[in-house]
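The values are calculated or read from the model by the stated rules, or taken from the named source; none is laboratory data. What you see is a predicted model; the values in this text were computed from it and never measured. Because the Cβ atoms are built from the backbone with ideal geometry, glycine has one as well, and the counts that use them run over all protein chains shown. Remember, those area values only see protein heavy atoms, side chains included, never the ligands or the DNA or RNA. Shrake-Rupley method; radii C 1.70, N 1.55, O 1.52, S 1.80 Å.
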Amino acid sequence: MAKQKKGKADDGGLREQLRVPSGPVDLTTYDTRATPGFSGSKDEGKVALEGLEAEVSDWQERLFAEGRKDGERSVLLVLQGMDTSGKGGVIRHGAGLMDPQGLKITSFKAPTAAEKRRGFLWRIKQALPSEGMIGIFDRSHYEDVLIARVRNLVTPNVWNRRYDQINDFEAELDAHGVTIVKCYLHISQEEQKVRLQARLDDPTKHWKYNPGDVDERELWPDYMDAYHAAIERCNTPEAPWYVIPSDRKWYRNWAVTTILLETLRSLDPQWPQADYDIDTEKKRLAAT
């Protein structure tokens with residue numbers, strides 16, 4: 001790893017550092033309190049996140065402008081993680097740096113009976129970002145190989161088929177100009193307990209607490225098995241997974257935003273050329 005400057009990202013690219021290698025996946029080998037790519041304190045991390053605003057908003061506007069002028073590209077950020085891992089926090093602190101008109105944020109809850117009848121990918125397709133947009137999924141189609149598997153909502157034959165269906169779906173999106181960024185927000189079981197306790201201790205956070213979260217905690221090993229399978233079996237060149245250490249909220253927010261920024265840089269959207277004569281329009285405007 002390249003030498004890091006204090007309070008700064010190193011020069012190697014955070015995507016390369018946090019991208020899951022192909023092959024078997026063992027999440028127990030990932031330190032949930034680590035801060036890959038960043039050396040510095042919590043306060044420095046918060047400042048570093050604020051420092052991304054100008055560039056990330058500029059790239060977002062370029063992508064948005066490209067989409068308004070016959071561009072065909074968009075970005076889809078998929079956020080997955082156990083309860084309290086911070087999907088909402090990433091959206092507030094990371095997406096909050098960008099222009100809302102260029103964002104499409106979708107929070108997926110349990111599918112309705114009508115949605116179930118249409119197939120598990122139907123509601124996902126309805127929420128995809130259009131050209132020039134950045135879409136953010138708070139949970140996603142991966143719930144159909146996570147909770148559906150853990151809670152036996154469908155048979156093993158059904159959820160086993162879904163891995164290949166997801167890969168085909170994501171490959172098709174990539175072929176049609178949708179760049180997919182999949183982030184697994186990796187917290188420890190101990191940190192989740194701390195966050196749930198904080199919700200119970202603070203009356204202003206009682207609304208965020210769900211008694212069902214404790215029921216899900218009891219199934220932690222089963223969920224980890226499901227995440228291992230989902231990340232390993234759906235980690236493709238077109239749609240790779242990134243594991244984001246998320247016990248430190250400030251690092252989580254900085255890391256996901258940095259990965260999104262690096263993705264926008266790689267797309268390199270350009271300002272559309274004027275489809276009118278600029279000098280003529282200047283003269284017309286001056287005459288009014």
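Miscellaneous remarks
- If you go through region 204-220 and keep only what is of a type in the set (A, V, I, L, M, F, W, C) and more than 23 Å from the chain's Cα centre (by Cα), you end up with Trp207, Val214, Leu219.
- Subset of region 263-288 (residues that are open to solvent by 30 Å² or more (accessible area, probe 1.4 Å) and under 30 Å from Pro24 (Cβ atoms)): Ser266
- Tabulated pairs, region 216-229, first of a type in the set (Val, Ile, Thr), second open to solvent by 20 Å² or more (accessible area, probe 1.4 Å), C-beta under 7 angstrom, 6+ apart or interchain: none
- Within region 63-97, tally of residues that are over 21 Å from Leu27 (Cα atoms) and assigned to a loop (DSSP other than H, G, I, E, B): 6
- Scanning region 118-155 for residues that are more than 30 Å from Glu66 (Cα to Cα), open to solvent by less than 20 Å² (accessible area, probe 1.4 Å) and among the small types (Gly, Ala, Ser) yields a single hit, Ala148.
- Looking at Tyr223, Tyr242, just one residue is in a strand (DSSP E or B) and either crowded, with 16+ Cβ neighbours inside 10 Å or within 20 Å of the chain's Cα centre (by Cα) (or both), and that residue is Tyr242.
- Of the residues making up region 234-262, those that are touching a Leu at 6+ places or on another chain (Cβ under 7 Å) and within 22 Å of Val25 (Cα to Cα) are Tyr242, Val243, Ile244, Ser246, Arg252, Ala255, Ile259.
- Only one of Gly51, Gly89, Gly94 that is free of Cβ contacts under 8 Å to residues at least 24 places away in the same chain and on the phi < 0 side of the Ramachandran plot: Gly51
- Selected residue (only one of Ala110, Ala114 is in a loop (DSSP other than H, G, I, E, B) and open to solvent by 30 Å² or more (accessible area, probe 1.4 Å)): Ala110
- Any pair with Cβ under 9 angstrom, 6 or more apart, that starts in region 114-132 at a residue that is on the phi > 0 side of the Ramachandran plot and ends at one that is surrounded by 15 or more Cβ atoms within 10 Å (Cβ to Cβ) and of a type in the set (Gly, Ala, Ser): Gly132/Ala65; Gly132/Gly67; Gly132/Gly71; Gly132/Ser74; Gly132/Gly102
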